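The block underneath contains the structure these notes are about, expressed in structure tokens.
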């Protein structure tokens, strides 16, 4: 039986070398002769920071270890000072139990809130429980908005504002992540501009349906900061700006190694895989054509070959974007592949809450800076396409009608055109219409450019069904207009 004394004694240097996967449990020496026994890790920023449940002197604690070669002292001080600022302004936050230097790093201990639920989990559970009533789900957020209002009324802002930085524990909502707390005017209210910009960071992370409930959301905020007044138009404008920034930031992450994506870049290939799928998909990434040949063929055309494959008990779809000849190969050498475009656009849709099979892996053959054949792996969608599912002689059933309206309203709102809106690229699956074949998709910067592209998309969609049929008439009346 392994006792705590038999566990490896780690240091900041060994933890840096362990990268994303330090072995737990382990011990680490603190100052004053104390030792922390880390039982499980909750977050790992490789080579920079570890957060985990630990035991010190027989007591459970949340331990943060700042281990970066450079800058760890600054982040440690910001975390310590941020927690102190919250406590000084009577904002509930986990109690600081200890902080100090390590040999090559720093540590910080706070009370461990056993069985606490972060507000992000509570929000997603509320959405699942009330899929048709966003108002009921938004009620879960009222305590966080009130807490943020109280922070602003006391001169504090949270630069990394998201629902995961609020914890519910025994009826109390705690603000966490002291590293992101900025004490701009301790004890005095933030200015209206600073408060508006900080509030918009949180509101921008909610679905667009929440925008119509902005007065209700502001009522929660004003419960904590009753003297603050916002111009609703300016707040909406800032929410739009933050949403745009968050989308750009997320899409950039899909192409670099980070906590969400595993990326390899060599002279002969480029690979990006959703990190939690990287282990399962490693054999596919190593030899995509082997799996393509062994799969159930869905399409074998000149432009692409598509097959459904089994990865353990899970079904996936792999698509190879074919090179049709020498001229085609030369034309593609310097450009991102169609798989690359589909990867980006699939993640764009997913981020915006628009249904599409989840993109899981991108593989490009490279010749230095030049690009060759490419593959895309996605979740499988077994639902029928709309030519199979809908009867041309009838209007769509209520569920399908609602899903179609929601899909095209969202695409229109985001100025997204598909580029090849055949009915076979629209799949009916579990109450939603999912878009596939995204390599010609584009999000337009201007309303005029989108309007031109939407006219083509709209006309292409209608041509799937005969003129005069009931379904085409319904679509013509219910799609966003061609203007």
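The values are calculated or read from the model by the stated rules, or taken from the named source; none is laboratory data. Only a predicted model underlies this, so the values are computations on that prediction, with no experimental measurement involved. Heads up, the Cβs are rebuilt from the backbone with ideal geometry, glycines too, and the neighbour counts pull from every protein chain shown.
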Which one of the conditions (1) more than 15 Å from residue 437 (Cβ to Cβ); (2) in the same structural domain as residue 474 (by TED's automatic domain parsing) does residue 361 fail to meet, given that it meets all the rest? (2)
Being out of contact with any helix residue (DSSP H, G or I) (no Cβ under 6 Å at 6 or more places or on another chain) and part of a strand (DSSP E or B) is the filter; apply it to segment 351-372 and report the residue that is modelled with the highest pLDDT. 364
Answer yes if at least one residue in segment 46-66 is in contact with a helix residue (DSSP H, G or I) (Cβ under 6 Å, 6 or more places away or on another chain) and on the phi > 0 side of the Ramachandran plot, and no otherwise. yes
When segment 152-171 is checked residue by residue, the ones that are farther than 24 Å from residue 234 by Cα and in contact with a helix residue (DSSP H, G or I) (Cβ under 9 Å, 6 or more places away or on another chain) are 164, 165, 166, 167, 168
Hits in segment 373-407 - residues which are more than 15 Å from residue 281 (Cβ to Cβ), buried (at least 16 other Cβ atoms within 10 Å of the Cβ) and touching a helix residue (DSSP H, G or I) at 6+ places or on another chain (Cβ under 8 Å): 374, 383, 385, 386, 389, 390, 395, 396, 400, 404
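Scanning for something without any contact (Cβ under 8 Å) to a residue 12 or more places away in the chain and surrounded by fewer than 17 Cβ atoms within 10 Å (Cβ to Cβ), does segment 333-344 turn up at least one residue?
Checked segment 333-344: no residue is without any contact (Cβ under 8 Å) to a residue 12 or more places away in the chain and surrounded by fewer than 17 Cβ atoms within 10 Å (Cβ to Cβ).
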With free of Cβ contacts under 8 Å to residues at least 40 places away in the same chain, assigned to a helix (DSSP H, G or I) and outside the structural domain of residue 361 (by TED's automatic domain parsing) as the only criterion, which of 201, 240 stands out? 240
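Answer with yes or no whether residue 29 is surrounded by fewer than 18 Cβ atoms within 10 Å (Cβ to Cβ), touching a residue at least 40 places away in the same chain (Cβ under 8 Å) and touching a strand residue (DSSP E or B) at 6+ places or on another chain (Cβ under 7 Å).
yes
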Hits in segment 175-192 - residues which are under 22 Å from the mean Cα position of the chain (by Cα) and either surrounded by 19 or more Cβ atoms within 10 Å (Cβ to Cβ) or assigned to a loop (DSSP other than H, G, I, E, B) (or both): 175, 176, 177, 179
What number of residues within segment 60-77 are in contact with a strand residue (DSSP E or B) (Cβ under 8 Å, 6 or more places away or on another chain) and surrounded by fewer than 18 Cβ atoms within 10 Å (Cβ to Cβ)? 2
Only one of these is at pLDDT 95 or above and over 30 Å from the mean Cα position of the chain (by Cα): 93, 37. Name it. 37
Can you find a residue that is outside the structural domain of residue 174 (by TED's automatic domain parsing) and in a loop (DSSP other than H, G, I, E, B) anywhere in segment 78-87? no
